[in-house]
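Input: a single structure, listed below in structure tokens.
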Amino acid sequence: MSSTFRAGGERRYARFSTPNWEAFESAMGSLEGGEAVAFGSGMAAVTAALELVGGDATVAVSRRLYVGSSQAVDDFEARGRFRVVRFDRETDEAVATADAVLVEDPTNPGLERVELAAIIANAGGLVIVDNTVATPIGRRPLEEGADVVVHSATKQLAGHSDVLMGVVVVRSGDLAARLRQFRTLHGAVPGALESFLALRGLRTLALRVGRATATAVFLAERLSDHPAVADCVYPGIGALIALRLKGGVAAADAMIDRLRLWEHATSLGGVESTLERRARWAHESPDVSADLVRLSVGIESPEDLWTDLCSALGE
Ligand SMILES: *Cc1c(COP(=O)(O)O)cnc(C)c1O
């Protein structure tokens, strides 16, 4: 833990470089198959990736996007940094003509699938993929032809709900150098302790993702057959489930109140199972239905999680 380093050595000042960043970045680079640059939060990573576009640029973003990223691109546009266009389909003209495209698959929180291969084939500019929900265990977008991968490392990468961090991974050394320079100049650096904790999280990433994914599949199958459930979406990748109950918002809030093992909390990707009705946030996109509950499946006993859900659903 050091903010400065003795003069004359390999390192100078911790905003420029810190050993713990490099250890985390080396592991992330291997996981995603590229060069990783760590940031102080997922949003700092998304921002740094978007800052790769030049002046007078247009950025195309999927209409279904994590609300924080959606608000951030609107803020960039409001301040005149770049124009924003929203697209609905992979084949939309906007994808082909924009200087950069930002996309998630599956989307957070609706868990809709986007065909990444079609976006990559159609895109004329930089393809930026937010891979937070899938994790590099689920998919490696750089290998599929994306230019930039961003993560909220706060979620499954660090995995224990105790770290806020982000990371950008790129294929080209030139993009990595520009990202590092942006981080040094603008200062959205991760802490040394956070980097250490995130790296420790990566040591068990495959185990946690494997367990949480298997449990999510198990729970989604049972929930789909439950008489109180109107709609249960499991996107086939990751550890999130999007649930809607026949009783709507009131039934969702009642279920959340009655749960004892599942924690009512925002965020996702921790070892503990959490859930929330996303529309409780006033700033959530109006495209997200009021009764949608996003479940983030942890690594507890699958039967305990199911028993808790059943008793909360009143069956
Ligand atoms: C949480 C999240 C972010 C933002 O990450 P922070 O670490 O909260 O800044 C970005 N994208 C997705 C998909 C997320 O879930």
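The values are calculated or read from the model by the stated rules, or taken from the named source; none is laboratory data. Fair warning: this is a prediction, and the values are worked out from it, not measured in the lab. Note: ideal-geometry Cβ built from the backbone for every residue, glycine included; neighbour counts use all protein chains shown.
Taken across the stretch 62-69, residues that are without any contact (Cβ under 8 Å) to a residue 60 or more places away in the chain and either touching a Phe, Trp or Tyr at 6+ places or on another chain (Cβ under 9 Å) or acidic (D, E) (or both) do occur, with at least one present. Restricting attention to the stretch 284-303, the residues that are farther than 18 Å from T154 by Cβ and touching a Ser or Thr at 6+ places or on another chain (Cβ under 9 Å) add up to 4. Number of residues in the stretch 4-27 that are surrounded by fewer than 18 Cβ atoms within 10 Å (Cβ to Cβ), of a type outside the set (S, T, N, Q) and in a loop (DSSP other than H, G, I, E, B) equals 10.
Taken over the stretch 46-95, residues that are on the phi > 0 side of the Ramachandran plot and among the aromatic types (F, W, Y) amount to 0. Within the stretch 137-180, the set of residues being part of a loop (DSSP other than H, G, I, E, B), more than 13 Å from the ligand (Cβ to nearest atom) and surrounded by fewer than 24 Cβ atoms within 10 Å (Cβ to Cβ) comprises R139, R140, G145, D147, H160, R171, S172.
Within the stretch 116-126, one or more residues are among the β-branched types (V, I, T), surrounded by fewer than 22 Cβ atoms within 10 Å (Cβ to Cβ) and either without any contact (Cβ under 8 Å) to a residue 12 or more places away in the chain or farther than 28 Å from R277 by Cβ (or both). May I ask you to verify whether S273 is without any contact (Cβ under 8 Å) to a residue 12 or more places away in the chain and either under 21 Å from R211 (Cβ atoms) or within 16 Å of the ligand (Cβ to nearest atom) (or both)? In short, no. If the condition is being surrounded by 22 or more Cβ atoms within 10 Å (Cβ to Cβ), within 17 Å of N108 (Cβ to Cβ) and within 9 Å of the ligand (Cβ to nearest atom), then the stretch 43-65 contributes A45, V46, L65. Screening A96, A100 for residues that are buried (at least 19 other Cβ atoms within 10 Å of the Cβ) and either modelled with pLDDT of 95 or more or more than 16 Å from the ligand (Cβ to nearest atom) (or both) leaves exactly one candidate, A100.
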